[in-house]
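The values are calculated or read from the model by the stated rules, or taken from the named source; none is laboratory data. Model, not experiment: these values are computed from the prediction. No Cβ is skipped: glycine too gets one built from the backbone with ideal geometry, and neighbour counts run over all protein chains shown.
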Amino acid sequence: MGFCGTRLNVGTKLIGGRPNEGNFTWYDDPLPTNCVGDWVCPGGTGCGYPEYSYSKKAEYGYKNQAVFFHSCTFNCLFCQNWHYRTQSTKRGKKGPDFIVNGVDERTACICYFGGDPTPHLPYAIHTSKLALEKKKGGILRICWETNGAMNPKLLEKVAELSLISGGCVKFDLKTWDEGLHFALCGVSNSWTLANFKHLAGLLPKRPDPPFLLASTLMVPGYVDELEIGQIAAFIASLNPDIPYSLLAFHPQFQMQDLPPTSRKQAQRCLEAARSAGLRRVKVGNLHLLT
């Protein structure tokens with residue numbers, strides 16, 4: 001698995017390190033959407049109105065520009081979006097105009113996910129600045145869903161874009177135990193945890209709407225209430241009000257032999273997160289629970 005992860009990293013560097021070229025697909029997603037952070041973000045709740053939201057409640061009638069990058073620096077055995085890996089890395093390269101031209105008066109936010117935006121950060125940062133300039137005087141939140149293992153210098157630029165625009169940075173904290181993280185994702189989680197801790201230090205700059213979010217996939221037999229409790233304790237030590245989403249697992253990629261997350265496991269994980277001191281915890285993907 002280590003070799004496979006290394007091969008993916010090399011490939012994504014080749015297509016993702018340029019500010020004027022990205023490998024992605026994108027679509028307009030009507031708000032409120034199924035974003036992991038919809039229960040705390042302006043698009044789903046109206047928090048931050050009127051500076052960061054068009055509505056006092058959910059932004060019905062507006063849209064999110066969802067940008068799915070065909071790249072990742074992890075190789076998770078349980079990847080829920082693995083299908084892009086079967087596509088050629090030579091297809092789909094696009095310049096900033098593909099995103100910027102899609103921004104109009106009904107676009108309330110841009111969300112970068114995937115895969116992961118990390119290999120494409122020079123492109124995403126450059127494109128976001130152009131989009132914000134186009135929407136100057138209006139609302140356009142810049143949001144990220146990421147494994148969080150990016151260079152700290154790029155992380156600073158990611159954070160700045162989200163802070164000034166009312167957007168958020170959502171980290172997938174996949175495990176607490178580093179050995180388990182190596183086994184499941186092919187890499188260490190040390191950078192992810194260090195970067196998350198650094199961003200938590202920026203929370204006073206914009207308490208509302210929430211700037212930093214976290215989520216964890218509850219993988220049966222691997223990521224249980226023990227792991228969740230340790231992750232939650234780490235988050236709570238930084239700030240107990242950081243929103244934390246616990247996501248139901250569905251058999252995917254190299255873990256198709258596992259069952260979906262059970263309601264009993266989800267309840268145990270929820271209780272563990274709350275017992276660790278977190279005040280804002282939610283179980284997502286309820287329809288997948290068995």
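Among the residues of the range 30-82, those identified as among the β-branched types (Val, Ile, Thr) and farther than 30 Å from residue 221 by Cβ are 33, 45, 67. Evaluate the following for residue 271: is it of a type in the set (D, E, K, R), farther than 30 Å from residue 160 by Cα and in contact with a Lys or Arg (Cβ under 9 Å, 6 or more places away or on another chain)? For residue 271, the condition - of a type in the set (D, E, K, R), farther than 30 Å from residue 160 by Cα and in contact with a Lys or Arg (Cβ under 9 Å, 6 or more places away or on another chain) - is not met. Of the strands (runs of 3 or more DSSP E) entirely within the range 152-253, those holding at least 3 residues that are over 24 Å from residue 122 (Cβ atoms) and within 17 Å of the chain's Cα centre (by Cα) occupy 212-218, 244-248.
Listed by first and then second residue, the pairs linking a residue in the range 169-184 that is crowded, with 23+ Cβ neighbours inside 10 Å to a residue that is β-branched (Val, Ile, Thr) and part of a helix (DSSP H, G or I), with Cβ atoms under 7 Å apart and 6 or more places separating them unless they lie on different chains, are 169/158; 171/192; 173/192; 173/231. Of all the listed residues (102, 46, 95), the sole one being small (Gly, Ala, Ser) and under 21 Å from the mean Cα position of the chain (by Cα) is 46. Against the list (1) part of a loop (DSSP other than H, G, I, E, B); (2) at pLDDT 95 or above; (3) not aliphatic (A, V, I, L, M), the condition residue 137 fails is (2). Please indicate, with yes or no, whether at least one residue in the range 241-258 is under 19 Å from residue 178 (Cβ atoms) and in contact (Cβ under 8 Å) with a residue 24 or more places away in the chain. No: zero hits.
Scan the range 7-16 and tell me whether some residue there is in contact with an Asp or Glu (Cβ under 9 Å, 6 or more places away or on another chain), modelled with pLDDT under 80, surrounded by 20 or more Cβ atoms within 10 Å (Cβ to Cβ) and outside any loop (DSSP other than H, G, I, E, B). Within the range 7-16 (the criterion being in contact with an Asp or Glu (Cβ under 9 Å, 6 or more places away or on another chain), modelled with pLDDT under 80, surrounded by 20 or more Cβ atoms within 10 Å (Cβ to Cβ) and outside any loop (DSSP other than H, G, I, E, B)), the answer is yes, since at least one residue qualifies.
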